[in-house]
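Step one of this worksheet: look at the structure below.
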Amino acid sequence: MCRLGYTERNKRTHSLPCSYATDLYYVRSPSPHAASSSSLSSSSYVIILSVHRTHLFQEFTEQEVAHCLLTRKGVVHSYVVQAQEGGPVTDLCSFYFLNSSVINNQLHSKLGAVYSFYNIAKSVPLSSLMQDLLVLARNEGADVFNALNVMENEAFFEALLFGPGDGMLQYYLYNWKCHPMKHHEIGLVLL
């Protein structure tokens, strides 16, 4: 990152821990682990309940949750927290890869960029879950982690030192008529 113009100061300020979030977090629940087909039904339920709190969302079936969220290396990575092994999913976090090309650099040809996907925290603070997701993304080869200010994402931006982007995301929904919405009322990501 430093060779691409990322300063040493930024690197020190934004460096991630080598392990997961606080000990308090793990006293309350076990660490996130990769979502599997066995946790799918419970994950679907958690997602459906969460997005229904927003004004604009996709109606997911269990098959759509499987297609969108079951981990495919280098494409999408999803993690769940279960209060006990084999128990119901209490929390879910995920990201997808959207790498960028690096132009005119002899050492690097791509920037490993990931984007926050669906993140639902019920048993732990969202910022703790997201800090763990940042570590998991780094361990999967991500150089940059991006997140939109949709759903409840804004709750962790300041605590985890996310900087504001320089663009404005517009959703164009053809043949739909929607009333104006605030960003946290939108439950769509990468539709």
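The values are calculated or read from the model by the stated rules, or taken from the named source; none is laboratory data. Keep in mind that what you see is a predicted model, and the values were worked out from it rather than measured. Cβ: placed from backbone, ideal geometry, glycine included. Neighbour counts: every protein chain shown.
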Only one of these is free of Cβ contacts under 8 Å to residues at least 40 places away in the same chain, assigned to a strand (DSSP E or B) and not aromatic (Phe, Trp, Tyr): VAL81, VAL65, VAL114. Name it. VAL114
Scanning the stretch 96-111 for residues that are under 30 Å from VAL81 (Cα atoms) and assigned to a strand (DSSP E or B) gives TYR96, PHE97, LEU111
Against the condition β-branched (Val, Ile, Thr) and either in contact with a Cys (Cβ under 8 Å, 6 or more places away or on another chain) or under 25 Å from PHE60 (Cβ atoms) (or both), how does ILE103 come out, does it pass? no
Index of the failed condition, VAL75 passing every other in (1) modelled with pLDDT under 90; (2) more than 21 Å from ILE186 (Cβ to Cβ); (3) of a type in the set (A, V, I, L, M, F, W, C): (1)
Looking only at residues that are in a loop (DSSP other than H, G, I, E, B) and under 25 Å from LYS110 (Cβ atoms) in the stretch 121-152, which one is nearest to the chain's Cα centre (by Cα)? ALA147
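Here is a yes/no grid of residues against (1) under 25 Å from LYS182 (Cβ atoms); (2) surrounded by fewer than 20 Cβ atoms within 10 Å (Cβ to Cβ); (3) in contact with a Gly (Cβ under 9 Å, 6 or more places away or on another chain):
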{"site": "TYR79", "(1), (2), (3)": "no, no, no"}
{"site": "GLY86", "(1), (2), (3)": "no, yes, no"}
{"site": "ASN99", "(1), (2), (3)": "no, yes, yes"}
{"site": "VAL102", "(1), (2), (3)": "no, yes, no"}
{"site": "SER109", "(1), (2), (3)": "no, yes, no"}
{"site": "SER127", "(1), (2), (3)": "yes, yes, no"}
{"site": "GLY141", "(1), (2), (3)": "no, yes, yes"}
{"site": "MET151", "(1), (2), (3)": "yes, no, yes"}
List the residue pairs whose Cβ atoms are under 9 Å apart, where the first residue sits in the stretch 131-152 and is more than 19 Å from GLY74 (Cβ to Cβ) and in contact (Cβ under 8 Å) with a residue 12 or more places away in the chain, the second is surrounded by fewer than 20 Cβ atoms within 10 Å (Cβ to Cβ) and of a type in the set (S, T, N, Q), and the two are 6 or more positions apart or on different chains. GLN131/THR22; ASP132/SER31; ALA147/ASN153; VAL150/THR54; MET151/SER50; MET151/THR54; GLU152/SER50
Could you look through the stretch 84-95, keep only residues that are of a type outside the set (D, E, K, R) and in a strand (DSSP E or B), and pick out the one that is nearest to MET130 (Cα to Cα)? CYS93
Among the candidates SER19, SER38, residue that is exposed (fewer than 13 other Cβ atoms within 10 Å of the Cβ), under 15 Å from ALA137 (Cβ atoms), among the hydroxyl-bearing types (Ser, Thr, Tyr) and at pLDDT below 85: SER19
Of the residues in the stretch 88-97 that are under 11 Å from the mean Cα position of the chain (by Cα) and among the hydroxyl-bearing types (Ser, Thr, Tyr), the one that is surrounded by the most Cβ atoms within 10 Å (Cβ to Cβ) is SER94
Checked the stretch 170-184 for anything more than 23 Å from the chain's Cα centre (by Cα) and surrounded by fewer than 10 Cβ atoms within 10 Å (Cβ to Cβ); matches are TYR174, ASN175, TRP176, LYS177, HIS179, PRO180
Look through the stretch 46-68, keep the residues that are β-branched (Val, Ile, Thr) and at pLDDT 80 or above, and return whichever of them is surrounded by the most Cβ atoms within 10 Å (Cβ to Cβ). VAL65
